[in-house]
Structure formats: structure tokens, C-alpha cells
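All remarks here apply to the structure that follows.
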Amino acid sequence: MKLKVLTFAFFFSLFITITPQKTLAHEEAKDGNMTVVLHVEPNDNPIAQKLSNLDFEFADKQEKFKPQDCNCRLTIFLGDNKLLETNLKKTAEIEPSIFGLTTSYIFPAAGSYQIALSASPNKNNSFKNFDVSWTTQVSAQQIKPRTEFSYTKTILTYFAFAAVLSLFIFLLILKVI
């Protein structure tokens with residue numbers, strides 16, 4: 001019985017330790033050869049009635065996509081209501097950045113928004129049309145970055161695993177198992 005309990009505790013701790021913890025990340029969407037990453041400032045946690053920057057990073061497996069060759073239309077929806085439809089600007093025109101295209105927007109209220117990007121080339125054969133979308137949660141107020149919580153949880157998880165592992169080894173030495 002003791003062996004079953006200790007074995008369960010050991011493997012449960014191991015499972016919790018190796019389970020991925022959610023950390024701060026950008027939102028990725030794919031269509032065919034294109035992968036588009038959306039980053040929303042501030043800290044991927046937009047706040048209602050405050051200016052948010054929406055930055056887009058592009059990865060093309062065929063390496064044909066260039067922001068300057070793109071007719072990129074951004075549409076933002078809240079439910080069925082279309083709130084914005086605009087062309088994206090090249091980020092380099094605003095300031096140097098790793099992102100290719102950008103725009104700013106003030107989300108009117110807290111809620112779940114659909115952000116859609118439709119792209120077509122303005123030059124023949126530069127890349128294939130693509131459409132990607134994301135769902136973004138907008139908060140009513142500033143929330144703590146997710147990385148702080150994740151970091152604390154990870155440290156506590158490692159501590160719990162080390163404690164159970166130490167107990168398991170201790171009992172092995174005493175030949176209780």
C-alpha cells in the first residue's frame with residue numbers, strides 16, 4: 001500500500017512539473033504557407049478605452065511575402081458588429097521594429113473581439129492571398145502580466161516535486177519500500 005501511494009505521489013509530482021505552464025506569448029495564426037503573429041500592446045493584454053498597438057509579424061515558407069507588397073486589410077469585430085476596417089501600415093515607416101505591419105486602435109469596451117486580417121499582393125506572383133484571424137480578450141482594467149503568476153507557480157511546482165522526490169529517496173534508503 002505504501003509503495004502504491006509513494007509511487008503515485010512521485011509520478012503525480014513529475015507530471016505536474018513537466019506539464020507546460022502558460023506564459024506570456026504572442027498569438028499565432030496560419031493559412032497555407034503563411035504564419036502571422038499578432039502582438040497587442042500593452043503586454044498582450046489590451047485595456048478598454050486605452051490605445052492599443054496591434055503589430056503583425058509574418059513568416060512565409062516560400063519567402064515571397066514582403067509587407068510593402070501587401071494590400072493588408074484589418075477588420076475588428078465585437079460579436080457581429082464590425083468596428084473597424086483599415087489598411088495596415090508598414091512598421092518601418094513609424095519606427096524600426098521586428099514587426100512588418102501595424103495599426104493602433106482603442107477597444108471601446110471589455111469583451112471578446114475578433115481580429116481578422118485579409119491579405120492580397122499588390123504585385124503579381126509575390127505571394128498567395130491569405131486570411132487569418134484571432135480572438136482577443138480586452139480587459140476593463142490593467143491586469144498583472146501572466147508571466148509573474150506563471151513564474152511563481154513554476155517555482156512552487158519544482159519545490160513540491162523536489163520534496164516528494166526527496167521523501168521517495170529517503171524511504172528507499174531506509175528500505176521502507
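Where a number appears in this text, it was derived from the coordinates with a stated rule and is not lab data. None of these values were measured; they are calculated from a predicted model. Counting neighbours? That spans all protein chains shown, and the Cβs are built from the backbone with ideal geometry, glycine included.
Note on Gln137 and Asp80: the extension gain reaches 18.9 nm, defined as 0.36 nm multiplied by sequence separation minus the Cα-Cα distance.
Taking a sphere under 15 Å around the Cβ of Asn71 and counting the other residues whose Cβ falls inside, with K and R at +1 and D and E at -1, yields a net charge of +4. Taking each residue as 0.36 nm, the span from Lys90 to Lys50 lengthens on full extension beyond its C-alpha to C-alpha distance by 12.2 nm. Annotation: extensible slack from Ala110 through Asp31 equals 25.6 nm (criterion: 0.36 nm per residue apart, minus Cα-Cα distance).
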